[in-house]
Each structure stands twice: as structure tokens, then as C-alpha cells.
1. Against the definition (surrounded by 13 or more Cβ atoms within 10 Å (Cβ to Cβ) and free of Cβ contacts under 8 Å to residues at least 24 places away in the same chain), how does residue 161 come out, yes or no?
2. Of the residues 119, 102, which is out of contact with any helix residue (DSSP H, G or I) (no Cβ under 6 Å at 6 or more places or on another chain) and modelled with pLDDT of 95 or more?
3. Within the range 57-86, count every residue that is farther than 26 Å from residue 128 by Cα, without any contact (Cβ under 8 Å) to a residue 60 or more places away in the chain and crowded, with 22+ Cβ neighbours inside 10 Å.
4. Scan the range 117-136 and tell me whether some residue there is crowded, with 17+ Cβ neighbours inside 10 Å and in contact (Cβ under 8 Å) with a residue 40 or more places away in the chain.
5. Of the conditions (1) surrounded by 16 or more Cβ atoms within 10 Å (Cβ to Cβ); (2) out of contact with any strand residue (DSSP E or B) (no Cβ under 8 Å at 6 or more places or on another chain), residue 141 fails just one. Which one is it?
6. Can you tell me which residues in the range 19-32 are modelled with pLDDT of 95 or more and loosely packed, with under 14 Cβ neighbours inside 10 Å?
7. May I ask you to list the residues in the range 149-172 that are farther than 15 Å from residue 67 by Cα and in contact with a strand residue (DSSP E or B) (Cβ under 8 Å, 6 or more places away or on another chain)?
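The values are calculated or read from the model by the stated rules, or taken from the named source; none is laboratory data. Just so it is clear, the structure is predicted and the values come from calculations on it, not from any experiment. All Cβ positions, even for glycine, are placed from backbone atoms using ideal geometry, and neighbour counts span all protein chains on display.
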């Protein structure tokens, strides 16, 4: 699906995007393309020139090398609801591993793991996570987390002795990435239609 013509109004805006790899979630970057470059000029104007509290922003972030579901909105309250640690909203990822996984990953992740330090993030204890293998070879799995620590999914599997080679977010709470939505495209919604259908379950 191609991007629909933007219909910016005074209503809150919600964009459900299929983020491609190679893009960052910052508004400005000297070394990478940003997800805001995928938007229409009218929507880009809400990033740069809107009043404080009305700016279009990403709800959390996805790493440059991670693809999948990314929500952008002008609704700060809804954004906080999705990202506040105390709300425990699940984020679901599809993972491809470098080496075959092991069934014991499931129990270990449920207990929480000590994640190794990486760049600006120190060693830390992760909250319990749910892992489900999706193929018999154990190379592919799904993981559900409720936190948003730096490189968290990749660090979980590093702590388990493996490496993530492909990572895609497929859901945030009840919000799911449509299978037909092409990389780089997005769907634009306005309240209250979006909120009535897509308030994430905890």
C-alpha cells in the first residue's frame, strides 16, 4: 500500500509504519536516513514546526538495523501509555538467530537475564521475557518483552550465547503490523477511530 494523501487536521494523528532497515528514529542524522523522510511534506512539517505538545514523534524507537512496526503520533498521552515501564505493554518481535536456539532459552528468559553492557548502557537485569520458537530448526523465534532497554532483544540472546541476525517488531500490545503493508509505507489514522480500535491490551 502506498502512502495515502495526508489529511492533517487539528485531530490527533496516528501513523502505523512498517519501518525499513537502514533508517533511524531521530529527527536529524548526519550518517543515516531518518523515518521522517518517509513522510509527506505536510506531515514532516508537524515534526519541525508544530507547537510543543503537538509535534509528530515516534513512540519509542527501533534501532537502525531493526525493521517492523513503528508508531508515530502527535498524542503525547497515548505515547506515554505505550512506553511507560509501569504500564507493562508487551512488544513482540520476530527473530532470526545466527545459530540454532535451545529449548532452555524459554525458561531462562522467563526468569529474567543479566544483560551484558553495551556501548552507553551498563550491565543490567532484564524483566522476564517470553520466547516461542516458530520453526523446527530453532533458528527462528518470537520474543515478547515489556521493557525498552538499549538493544534489549539483541542483548537477551547474547546473554543466552547466541546472536540476532534479523529483527522485526510485529506488535505493540494489541497493535499488529499488517502483513500487506510494504516496508517504508504507513497508514494514517485520526482519533477517535484509532483509539477505539487500537488501544493496546496489557
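1. Here the answer is no, as residue 161 does not meet what is asked.
2. 102
3. Total satisfying the criteria: 0.
4. No.
5. (2)
6. Within the range 19-32, 22 is the sole residue that qualifies.
7. Listed by number, the residues that qualify are 149, 150, 155, 156, 157, 158, 159, 162, 163.
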